[in-house]
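We did not get these values from a lab; they are worked out from the coordinates using the rules stated. From a predicted model like this one, the values you see are computed outputs, not experimental measurements. Heads up, the Cβs are rebuilt from the backbone with ideal geometry, glycines too, and the neighbour counts pull from every protein chain shown.
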Amino acid sequence: MKYQVTLNGKTYEVDVTETDAVITSVTQAATPAPEAPAAPVAPAPAAAPIAAAAPTAVAGEKIISPMPGNILAVKAVEGQSVKTGDVLFILEAMKMENEIVAPHDGTVKQVLVAKGATVNTDDVLAVI
């Protein structure tokens, strides 16, 4: 299904499938039009927080969230060299802070979440 979501003055066209969501286009919204009363309609699913505009797929090992929670800190930056065990993210889940670490030595190719983002189990956080 395709949805149009407006966030911070930008309109995103989001294509949602059973396994993932892909932003297919981004347009700058003009001044918001006044809302006309509409007939009751089932609400569209809430859009996930967007760390950056339309991330593209990058080859490499995906660092995934082991559980749902909130990103308290992003320690990794794109282009950074990391060693096995280096902390990449701090994930708060059930009032506990969990360190998400690099599984092996490498270079961070892409960071897909920002501080304050809410993530679900198996969401991709970064690519090494």
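Among the listed pairs LYS2/LYS109; LYS62/LYS83; LYS62/LYS115; LYS2/LYS75, which have their C-alpha atoms separated by more than 26 angstrom in this model? Let's see the in-between values first.
On the way: LYS2/LYS109 29 Å; LYS62/LYS83 15 Å; LYS62/LYS115 18 Å; LYS2/LYS75 33 Å.
Violating the 26 Å limit, Cα to Cα: LYS2/LYS109; LYS2/LYS75.
Remark: spin-label model distance GLN80-LYS10 equals 2.2 nm, labels positioned 7 Å along the Cα→Cβ axis. Just check region 62-127 against the gyration tensor rule for me: Cα atoms, a ≥ b ≥ c as the square roots of the eigenvalues, rounded for a/c under 1.5, and otherwise prolate or oblate depending on whether a/b exceeds b/c. Prolate is the answer for region 62-127, as a/c is 1.5 or above and a/b outweighs b/c. Packing order of peptides 67-75, 115-123, highest average first: 67-75, 115-123 (average count of other Cβ atoms within 10 Å over each peptide's residues).
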